[in-house]
Amino acid sequence: MGWIRNVWSSVKSTVVEIGSSLVEKAKSLANKAIDFMAEKAEGFIGEVNQMWQRVKPFISTIRIVVQKIGNLMPFPWLRGALVLLDKALALLESIDKSPLAKKVKQAIEWIINWAKEQQKKRMDEEAMAEARRHAEVLAEAQQHLQGDARGAIDAMALLNNYLVVKASVERAVEQDDLQDFEYYLRLRAVQKLLAYYDSAMLKIEQADDINQDMYFIVEAAQALIEQHASFSDAQTLQLDHMTQRLFGKPIIPFIFEEMIIAWEINRKAVEEEWALLNRHLAKDNMLFRRLQRAKANEELEPEEGVQLNDLSLSLPRDTQRLEALGQDSLEKRFYVNAAEGFLQMLEKDEATLLAEGRDYLLEQGAIVGQLLIDCAQNGRSWGSLSDQEQGLIVDFANIFEQDCQARTQQAQLVEVAA
């Protein structure tokens with residue numbers, strides 16, 4: 001996974017948890033394993049597009065919406081910013097920039113109207129193009145202003161960029177297929193960043209109280225939502241520091257926990273599909289046996305004969321499919337829970353693992369990680385693993401089953417609350 005692999009390269013040398021060669025090796029293998037599992041997702045979890053269809057209803061319920069405060073403005077700080085925006089327009093006119101001042105005024109009015117109306121309508125391509133044109137106008141105005149007037153224009157530019165990236169996220173969530181799993185992970189990272197931005201901005205009373213985190217969140221979201229994300233090492237480290245401060249975890253776990261949550265939702269969908277088919281198959285088996293007994297004792301009605309013939313064909317096929325679904329669900333459980341273990345190795349430092357009595361993860365996790373890397377690199381299926389290899393993964397995965405379910409449940413509770 002190109003971008004995510006570059007992220008790890010940028011941040012690994014600054015990870016403060018690394019205190020010994022054992023820890024360093026274990027964390028490095030955990031990262032590689034989880035990276036390979038994501039890159040080769042179809043080998044571990046099934047078709048990415050099929051997973052997307054199962055997960056899409058869950059993430060589609062996440063609406064990053066600007067709530068209206070009062071009857072006029074969507075954000076409290078906009079009221080006070082209007083005074084400073086008038087000052088900015090006056091300053092532009094005073095330096096013989098009347099045409100630019102006129103464009104800035106039009107941009108401000110357009111942005112405020114969109115912020116007020118975004119709950120009722122969404123940006124189409126034409127509106128997004130207009131928003132980008134306004135961004136260019138505001139960027140030009142910023143070059144001529146300083147102090148409070150510049151700050152007010154900065155805040156409007158921020159709001160404009162937020163509206164664009166929010167619309168981009170909504171469009172991405174609504175797409176019918178998804179072939180790139182890395183893009184899914186970046187999309188979820190953007191959703192979480194914007195959700196934080198949304199709640200934080202609603203608490204800000206004055207435009208000059210908007211801090212650099214808010215600006216960087218939108219900047220990062222704009223880059224991540226693009227199909228080909230491009231981050232410098234400095235931007236990556238800034239994002240890593242910010243996720244640690246705001247979300248309590250480094251950037252790699254911040255991104256990869258969404259893989260585990262998505263995989264667990266997908267696994268549960270397979271489990272539910274198995275349960276539904278099992279109930280259906282049980283009813284069909286009962287009907288099949290009844291029709292067989294009836295046929296042995298009397299002549300069947302024509303409709304019953306057709307029904308018996310159809311069941312004789314469908315039952316073996318459905319039984320085989322049930323067995324395949326059961327095995328698929330079981331394998332997915334092992335892979336998902338193992339990934340949860342790797343994620344915890346990246347989230348926690350050595351002292352925390354020792355305090356939790358899980359220092360054995362450093363050695364066992366490294367062994368399992370290397371095994372799964374081998375599976376990803378060489379396309380090895382679960383069935384091709386030896387009993388000992390399967391046992392190593394199963395033992396490691398079982399430790400984290402409850403943690404994995406708790407992470408997924410917590411994520412769903414947060415999404416519902418959002």
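What is the sum of charges around S232, taking Lys and Arg as +1, Asp and Glu as -1, for the other residues whose C-beta is under 13 Å from the C-beta of S232? Taking every other residue near S232 into account, the sum is -3. Rolling a 1.4 angstrom probe over the chain with all protein chains present gives an accessible area of which 48% lies on carbon and sulfur atoms. For the peptides 353-366, 315-328, the ranking by packing is 353-366, 315-328, with the highest mean count of neighbouring Cβ atoms within 10 Å listed first. Per residue, the chain exposes 48 Å² of accessible surface when a 1.4 Å probe is rolled over the protein heavy atoms with every protein chain present. With axes computed from alpha carbons, what is the tilt in degrees of helix 181-201 against the longest principal axis of the chain, rounded to the nearest 10 within 0 to 90? The two axes meet at around 50 degrees.
In summary, the aspartates and glutamates within cross-link reach of K268, defined as a Cα separation below 19 angstrom excluding same-chain residues under 8 places away, comprise E42, E47, E257, E258, E323, D328, E331, E340, E401, D403, E415.
Most mobile of K295, K25, K166 per a Gaussian network model of the chain (Cα springs, under 10 Å)? Fluctuation is largest for K295. Rounded to the nearest 500, the 222 nm mean residue ellipticity of the chain from helices alone is -27000 deg cm²/dmol, with -39,500 (n - 2.57) taken per DSSP H run of at least 4 residues. Across the cross-link table entries K32/K332; K32/K348; K27/K249; K203/K249, which are compared at the Cα atoms, the separations over 21 Å belong to K203/K249. Sorting D310, D284 by accessible area puts them as D310, D284; the probe is 1.4 Å, largest comes first, and only protein heavy atoms count. Computed from backbone phi with θ = phi - 60° and the Karplus coefficients 6.51, -1.76 and 1.60, the 3J(HN,Hα) list for the range 320-337 is 5, 5, 4, 5, 5, 5, x, 5, 4, 5, 5, 5, 4, 4, 5, 5, 5, 5 Hz; x is used for glycine and proline. Helix 251-297 and the longest principal axis of the Cα set of the chain meet at an angle near 30°.
The Cα-based radius of gyration and maximum Cα-Cα distance (Dmax) for the chain are 27.2, 103 Å. Between 0 and 90 degrees, the angle of helix 387-399 with respect to the longest Cα principal axis of the chain falls at about 50 degrees.
The values are calculated or read from the model by the stated rules, or taken from the named source; none is laboratory data. Note that this is a predicted model, so its numbers are computed, not measured. All Cβ positions, even for glycine, are placed from backbone atoms using ideal geometry, and neighbour counts span all protein chains on display. Remember, those area values only see protein heavy atoms, side chains included, never the ligands or the DNA or RNA. Shrake-Rupley method; radii C 1.70, N 1.55, O 1.52, S 1.80 Å.
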